[in-house]
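Only one structure is covered here, and it is reproduced in the block below.
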Amino acid sequence: MEKINLFTLRSPLFLVTVVSLLFPSAASSTEALLTLAVQTLTDAGFLSMALTLRLASPSIPLPSANNATVFVPPNAAFIRSGPLPLSLLKYHILPERLPLQNLSSLQPNTPLPTLLPNSYLSITSSSSNKLSLNDVVVSKTPIFDDGSLLLLAIDDFFNSSSLQELESEPARTNAETFAAVTEVLKSHGCSVMATFLDAQLSTEFGDERKFTIFAPLDEAFAVNGVRNIGDYSTIFRKHVVPKLITWRDLIRLPNESLLPTFSDGFEINVTVSPRMRFLNGVLVAVPDMFRSDLVVVHGIHGLLDSNRVEQCHSATC
């Protein structure tokens, strides 16, 4: 059976789900710019980067001028190396539009500031025949350029020694941390998870307990026909693990590792693919959506359930 992989799914339901997420009812100019990027990438077949931008867009701070250059890795890079953590995604975006003719005219070792604080891309070759940044080749044919937004294809992810450690959240009180987690969940389209986090803080998470949330989008609840309030509460507890698990921790777990949850008797089965992790067959799509000393949040592409993990034991996920 073909491996269950977010980046090879081409079913009509998947495409409709992605496209339906592109048009918020009231978008700011920044949101409109990012929505345009997602739509364009989807149309051009860069589904992996399109979905990553869609899920992470609330955390991408574009300048007031709303100009940007986005470097777009191919789907194969995601399959080979796994999802882009938010820090690394920001490293693929310049807070200004830099046309190809301008980039090609820059001297080698010219630093280019990115959205990741104090992190720069570097020109490694620049000629009429080849342009590369950080030794990654940049296509000379733009995916899209409307004078404000420039999308340029690259042949792999950028990487940098400055990204050896992901950005840490500033120190917060417990109340500030939980408020920040709730806001992050809501801003990323995970309001159902945010609502039940608020509801259970006093009984489950009101002390110094540390935990990890695997957060599906609200659309996942609708697709699975969840309506009963008791069902929502049960599902929420199946998506919360009573310890901190960062992306780095997750990728170091061996295949078939089992994670306990706040739902008695329900465990999350971690299956391993190169630089990718599946939880009961569901892909971790946005690692480290939020990270602090008390809480870690990862975005996932769907609900976790025991039926799916049973299917995975009888087939390759």
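The values are calculated or read from the model by the stated rules, or taken from the named source; none is laboratory data. Given the structure is predicted, the values throughout are model-derived calculations rather than measurements. Cβ sites come from the backbone with ideal geometry, for glycine too, and all protein chains shown count toward neighbours. To get the accessible areas, we keep the full protein, side chains included, count just its heavy atoms, and leave off ligands, DNA and RNA. Shrake-Rupley method; radii C 1.70, N 1.55, O 1.52, S 1.80 Å.
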Quiz item: What are the lysines whose alpha-carbon lies under 24 Å from the alpha-carbon of K140, with same-chain residues fewer than 8 places away excluded?
Solution: K90, K130
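So if each residue of separation counts as 0.36 nm, and I subtract the Cα-Cα distance between D249 and N118, what length gain in nm does that give?
Details: separation 131, 0.36 × 131 = 47.16 nm, distance 2.52 nm.
So the chain would gain 44.6 nm between D249 and N118.
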Quiz item: With each pseudo-label sitting 7 Å past Cα toward Cβ, what's the K140-E31 distance in nm, one decimal?
Solution: 4.0 nm
Self-check item: Candidate residues F157, F290, F144: accessible-area rank, largest first, probe 1.4 Å
Solution: F144, F157, F290
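If DNA, RNA and ligands are ignored and the probe is 1.4 Å, what is the ranking of R277, R80 by accessible area, most exposed first?
Details: R277 15, R80 115 Å².
Sorted by accessible area, descending: R80, R277.
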Quiz item: Residues with amide H under 5 Å of T124's amide H, sequence separation 5 or more or different chain, H placed in the peptide plane at 1.01 Å from N; which?
Solution: N109, S132, L133, N134, D135
